[in-house]
Amino acid sequence: MDAYDLVVIGAGPGGYVCAFRAAQLGMRVALVEKRATLGGTCLNVGCIPSKALLYSSEQLVFARDHAKDHGISTGTVTADVAALMRRKDAVVTKLVGGVSALAKARKVTVVTGTAAFTSPTTLAVKGPAGEKALSAKNFVVATGSAPVELPFMKFDGRRVVSSDDAIAFDSVPAALVVVGGGAIGLELGSVWARLGSAVTIVEFLPKIVAAYDDDVVRTFSRALQKQGLKIETGTKVTGLREEGTKSVLLAERDGKPLEFPADKVLVAVGRRPFTEGLGLDKAGVALDDKCRVKVDEKLRTSAPGIWAIGDVVAGPMLAHKAEEDGVAVAEWIAGKAGHVNWDLVPAIVYTEPEVASVGLGEDAAKARGLSVNVGRFNFAANGRAISGDATDGFVKVVADARTDRILGAQIIGRGAGELISEIVTHMEYGGSAEDLGRTIHAHPTLSEAVKEAGLAVSKSAIHAI
Ligand code: FAD
Ligand code: NAD
């Protein structure tokens, strides 16, 4: 039996980052992954392929719909789906290869196969090279998540698909119905709408991306509708009727039946923690009421020496959150002062415009009865945004009315995902809205809208009334 200081199960952004940090800290580490490649959901079928498709489809929209406004003639613009998919696959291959190279350089032993605990200190890994037993002083469960299936509409990879299929369609579906107006539904819905699909988003709640403030969601919904996406909120899906090769999604709103014809139905109603076949009972690892691995404030499970991180535990299912969990656990195992500020996990939807948030939004702060001042600045008054056709959207900063400390921010606009980082940093250091407003921002940049929103908290924005 091979013995290690640490065995990490799952090589997603949580697991591989944990393994690398532990190796940096001098541990002998094995990283077990059942996929042939490292990088987990994020690199193989999630964050990265979806962003590659979003980027390619953005270029298509520019060439097809906007280039002429800049005096650029393109002739007829068409999309070659096979070529677009090849580029996306090449991006994934490059990145997963990079992770393998890093594992090698850090002397992390990669074991390919499916792991299951045989006791609290031993693991069996079944892989292409047969079965292997591993023992370790510490284990980290980083097995991630899987798409939630609707019980009356199981995934079949053809009519009813998950994101795994929707990042790899071989042609543009004439009509794509997306169940779920969250990050996956809106990102992949945008990709296929740009490529020519008639996309309808069917959302159960009264608004899409429900965690965002109402004014952000109103602006966002309008922008997506302008791009041709249909948005049906407050709509409950009830079933699917097959009509030859086509399907009809059945739903109801306010008790009235609705029908949405579709070539494909993408179900994107969330993801569930993945713990199947892991033998957690043999290791004494308890689950919580939502089948997530139960952990304490240091990500320790109920079994001594077994830790859990990323999508398989409570908290936002985001790659950067999984990475921070991984670093902290490696440091705690090494006896160091690991730390994750789970209150400051930024979230982004990478559509056009992007939406990004951190901390408390205005609506949530008010619902909690907090006394806040809100500064808002529109990109329509930002020089760089006007120069680059990015005037849709705004920055909102929410600050404590008494102390001026920033409690959160929401941004809708081009590059919102990059812009939010600055606010996260200010918040990490306990910054106030005045700190943000007095920090020099280069001109002309979109980031000046962040500064102005900071100033707007005290009604001192320079370029707005
Ligand atoms: P995962 O990445 O799911 O990795 C878990 C790994 O464990 C997998 O590789 C799996 O094969 C392996 N595994 C499971 N069981 C076993 C076993 N028994 N033995 C061996 N190996 C096992 N997040 C963002 O922050 N930004 C984004 O832009 C973003 N876009 C996304 C787009 C899509 C389409 C999807 C589906 C997700 C996206 N996410 C995004 C979410 C992100 O992918 C996850 O939050 C992240 O991958 C979680 O990391 P993890 O390490 O916890 O798990
Ligand atoms: P999500 O939780 O972001 O959104 C799911 C949406 O589906 C919600 O709006 C919910 O109200 C709706 N919904 C749930 N049940 C429904 C039903 N029966 N009918 C209609 N609507 C229903 O989940 P997702 O979009 O599937 O993404 C899964 C996970 O992956 C999330 O945790 C997300 O954060 C992560 N992810 C992140 C990114 C990103 O960071 N850009 C991108 C993709 C995925």
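Here, each number is a calculation from the coordinates, and none is a lab measurement. Computed from a predicted structure; not experimentally measured. All Cβ positions, glycine included, derive from the backbone under ideal geometry; neighbour counts span all protein chains shown.
Rounded to the nearest 20 debye, the dipole size of the chain about its Cα centre is 700 debye, using +1 on the Cβ of Lys and Arg and -1 on the Cβ of Asp and Glu. Residue farthest toward the positive end of the dipole of the chain, with Cβ of Lys/Arg at +1 and Asp/Glu at -1: which of LEU150, SER421, PRO120? About the Cα centre, the residue reaching furthest to the positive side is PRO120. Over region 164-273, the Kirkwood radius and the radius of gyration, each from Cα atoms, give a ratio Rg/Rh of 0.95.
For LEU287, the residues whose modelled amide H falls within less than 5 Å of its own, excluding neighbours fewer than 5 places apart on the same chain, are LYS294. Database remark: amide H of ALA308 closer than 5 angstrom to the amide H of VAL141, THR301 (H placed geometrically; neighbours at sequence offset of 5 or more, or on other chains; Pro and chain starts carry no H).
Taking every alpha-carbon pair within region 89-193, the share separated by more than 19 Å comes to 65 percent.
For the chain, the Cys residues with no second cysteine's beta carbon closer than 4.7 Å are CYS18, CYS291. Give the percent of DSSP beta bridges with both residues in region 160-269 that are antiparallel, rounded to the nearest 5. The antiparallel proportion sits near 50 percent.
Ranking request for peptides 102-110, 369-377: highest mean number of other beta-carbon atoms within 10 Å first, then the rest in descending order.
Values: 102-110: 15.6, 369-377: 17.6.
Going from most to least packed, we get 369-377, 102-110.
Give me TRP332, TRP192 ranked fewest to most by other Cβ atoms within 10 Å of their Cβ, as a rough exposure proxy. Numbers along the way, then the final one.
Values: TRP332 17, TRP192 23.
Fewest to most other Cβ atoms nearby, the residues stand as TRP332, TRP192.
Under 5 Å from the amide H of ARG272 lie the amide H atoms of ALA146, VAL148, each residue being 5 or more positions distant or on a separate chain, with H modelled from the backbone and absent for Pro and chain starts.
For region 152-174 versus region 54-104, the spacing of their alpha-carbon centroids is 21 Å. Running Debye on the chain with equal point scatterers at the Cα sites and no solvent, what base-10 log of I(q)/I(0) appears at q = 0.07 Å⁻¹? For the chain, the Cα-only Debye profile gives -0.40.
Whole-Hz Karplus values for region 426-442 come out as 4, 5, 4, 9, x, x, 9, 4, 5, 4, 5, x, 8, 7, 6, 10, 4 Hz, taken residue by residue from phi with 6.51 cos²θ - 1.76 cosθ + 1.60 and θ = phi - 60°; glycine and proline positions read x.
The aspartates and glutamates within cross-link reach of LYS68, meaning a Cα-to-Cα straight distance under 18 Å and a gap of 8 or more places when in the same chain, are GLU58, ASP389.
Using θ = phi - 60° in the Karplus curve 6.51 cos²θ - 1.76 cosθ + 1.60, the 3J(HN,Hα) couplings for region 125-130 round to 10, 9, x, x, 8, x Hz; x is entered for Gly and Pro.
May I ask you to derive the relative contact order of region 160-269, considering only C-alpha pairs under 8 Å and at least 6 residues apart, and to give it as an integer percent? Show your work: numbers first, answer last.
Working: 221 pairs, mean separation 38.5, N = 110.
35 percent.
For region 226-319, the Kirkwood estimate of the hydrodynamic radius, built from every pair of different alpha carbons, is 16.9 Å. Any idea which of VAL202, ILE9, VAL172 is furthest toward the positive side of the dipole for the chain, if Lys and Arg beta-carbons carry +1 and Asp and Glu beta-carbons -1? Toward the positive end, the furthest listed residue is ILE9.
Computed extension gain for ALA90 through PHE152, at 0.36 nm per residue and net of the alpha carbon distance, reaches 18.7 nm. Think of region 21-112 as a dipole: +1 on every Lys or Arg Cβ, -1 on every Asp or Glu Cβ, centred on the Cα centre; then among ALA83, HIS66, VAL32, VAL32 lies furthest on the positive end.
Going by how many other beta carbons lie within 10 Å of each one, how would you line up LEU249, LEU419, fewest first? Mind showing how you got there, number by number?
Numbers: LEU249 26, LEU419 22.
Neighbour counts put them in this order, fewest first: LEU419, LEU249.
How far is the Cα center of region 342-356 from the Cα center of region 232-265, in Å? Comparing the Cα centres of region 342-356 and region 232-265, I get a distance of 29 Å. The Cα trace of region 353-456 gives Rg and Dmax of 12.7, 40 Å, the first to one decimal, the second as a whole number. Counting only Cα atoms, the size of region 198-241 along its three principal axes is 35, 23, 10 Å, in decreasing order. Across the chain, the longest piece that holds none of the GluC sites (Glu not before Pro) lying in DSSP loops with up to 13 other C-beta atoms within 10 Å covers 1-275. Here the Karplus curve 6.51 cos²θ - 1.76 cosθ + 1.60, taken at θ = phi - 60°, turns the phi angles of region 267-284 into couplings of 9, 9, 10, x, 10, 10, x, 9, 10, 4, x, 8, x, 4, 5, 5, 8, x Hz, with x standing for Gly and Pro.
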